[in-house]
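S.K.: I have a structure here, written as structure tokens, and I will follow up with some questions on it.
The values are calculated or read from the model by the stated rules, or taken from the named source; none is laboratory data. If you're wondering where the values come from, they're calculated on a predicted model, not measured in any experiment. Methodologically, a virtual Cβ is constructed for each residue, glycine included, from the backbone with ideal geometry; neighbour enumeration extends over all protein chains shown.
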Amino acid sequence: MTPFEFLAIAISVIFGLAISRLISGIGLAFRQIKSKKYYWLHGIWMVNMLILLSANWWSLYAWSKFENWNIIYFGLLIIYTISLFLISDFLVPQKLDNTLNTKEYFNDNKTYFLVLVLISLVVDFFETRSLANLDLRPIPKGQLLVSSLLSSILIINLLVKKDKLNYVFSVSFGLILITYLIFGIFLIR
């Protein structure tokens with residue numbers, strides 16, 4: 001077993017747990033929509049994070065060609081993976097039932113969640129630079145711009161208390177992320 005395979009198994013288990021949690025939260029959302037109890041801002045962020053986690057899991061493969069592992073690269077990927085798992089932990093409660101007040105839960109955890117997403121964007125920036133420096137993958141076009149935009153949206157979401165503005169910025173986060181993934185990574189090489 002190569003060092004990458006060893007690390008990829010551990011990271012994939014953690015990513016799988018995080019994605020499983022988000023999917024369970026989305027399932028709860030569908031159940032609560034019928035009873036009109038659901039807080040849509042929470043749902044938007046779950047979808048955003050499902051996309052972010054899936055894209056980051058996919059991008060892990062770029063490390064497969066790397067052979068000179070050390071504690072710095074190992075630590076970088078572990079910190080990144082832990083931050084992404086904690087995002088799902090603060091976004092989706094462990095106990096999922098129809099009595100959950102998703103608005104209250106989201107607002108109680110919003111600061112932790114948004115700060116963790118911000119940390120993951122910063123770590124992603126360095127992880128992408130590491131891949132480029134090691135000639136494992138080029139830096140996707142527009143990464144600095146997109147990271148700056150997404151970080152700005154997170155900071156605004158931390159500061160703004162009005163739901164309507166948070167909805168706009170949360171949807172914007174998702175649209176920017178999807179656009180970046182489609183054009184910056186998959187279509188433009």
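S.K.: How many residues does the range 96-126 hold that are more than 17 Å from residue 18 (Cβ to Cβ) and in a loop (DSSP other than H, G, I, E, B)?
M.R.: Final tally of qualifying residues: 5.
S.K.: Identify, please: which residue in the range 146-160 is farther than 11 Å from residue 177 by Cβ and among the hydrophobic types (A, V, I, L, M, F, W, C) and is, among those, surrounded by the most Cβ atoms within 10 Å (Cβ to Cβ)? Show your work before the answer.
M.R.: The first filter runs over the range 146-160 and keeps only residues farther than 11 Å from residue 177 by Cβ, leaving 148, 151-152, 154-160.
After this cut, where a residue has to be among the hydrophobic types (A, V, I, L, M, F, W, C) as well, the list is 154-156, 158-160.
On the way: 154: 22, 155: 14, 156: 16, 158: 15, 159: 8, 160: 13.
Applying the filter and picking the extreme gives 154.
S.K.: Oh, and also: Search the range 116-140 for residues that are more than 14 Å from residue 84 (Cβ to Cβ) and pair each with any residue that is of a type in the set (Val, Ile, Thr) and part of a helix (DSSP H, G or I) when their beta-carbon atoms are under 7 Å apart and the residues are at least 6 apart or on different chains.
M.R.: That search, which allows pairs on different chains as well, returns 139/128; 140/185.
S.K.: What pairs come up if the first residue lies in the range 70-98 and is polar (S, T, N, Q), the second is outside any helix (DSSP H, G or I) and loosely packed, with under 14 Cβ neighbours inside 10 Å, and their beta carbons are under 8 Å apart, counting only those six or more places apart or on different chains?
M.R.: Short answer, once both residue conditions are applied: 98/35.
S.K.: Hey, another quick one. For the range 81-110, how many residues meet the condition of being within 15 Å of the chain's Cα centre (by Cα) and over 18 Å from residue 37 (Cα atoms)?
M.R.: Adding up the residues that qualify gives 11.
S.K.: State which residue is nearest to the chain's Cα centre (by Cα) when the search covers only the range 161-170 and only residues that are surrounded by 15 or more Cβ atoms within 10 Å (Cβ to Cβ) and in contact (Cβ under 8 Å) with a residue 40 or more places away in the chain.
M.R.: So, considering only residues that are surrounded by 15 or more Cβ atoms within 10 Å (Cβ to Cβ) and in contact (Cβ under 8 Å) with a residue 40 or more places away in the chain, the one nearest to the chain's Cα centre (by Cα) is 170.
S.K.: Also, I was wondering about something else. When residues of the range 34-48 are filtered for being over 15 Å from residue 172 (Cβ atoms), of a type outside the set (S, T, N, Q) and either at pLDDT 75 or above or in a loop (DSSP other than H, G, I, E, B) (or both), how many remain? Before the answer, list the steps.
M.R.: Going residue by residue through the range 34-48, those that are over 15 Å from residue 172 (Cβ atoms) are 34-39, 42-43, 46.
Those left that are additionally of a type outside the set (S, T, N, Q): 34, 36-39, 42-43, 46.
Okay, now just the ones that are also either at pLDDT 75 or above or in a loop (DSSP other than H, G, I, E, B) (or both), so 36-39, 42-43, 46.
Residues that pass the stated criteria total 7.
S.K.: For the range 127-148: of the residues being within 19 Å of residue 53 (Cβ to Cβ) and part of a helix (DSSP H, G or I), which is farthest from the chain's Cα centre (by Cα)? Step through it out loud before you land on a result.
M.R.: Keep residues of the range 127-148 that are within 19 Å of residue 53 (Cβ to Cβ), which gives 127-128, 131, 137, 140, 143, 146-147.
In the following step, the residues that additionally are part of a helix (DSSP H, G or I) were identified as 127-128, 131, 143, 146-147.
Values: 127: 14, 128: 15, 131: 19, 143: 15, 146: 14, 147: 12 Å.
By that ranking, first place goes to 131.
S.K.: Anything in the range 21-46 that is crowded, with 19+ Cβ neighbours inside 10 Å, closer than 25 Å to residue 77 by Cα and either among the aliphatic types (A, V, I, L, M) or over 12 Å from the mean Cα position of the chain (by Cα) (or both)? List them, or say none.
M.R.: 21, 22, 46
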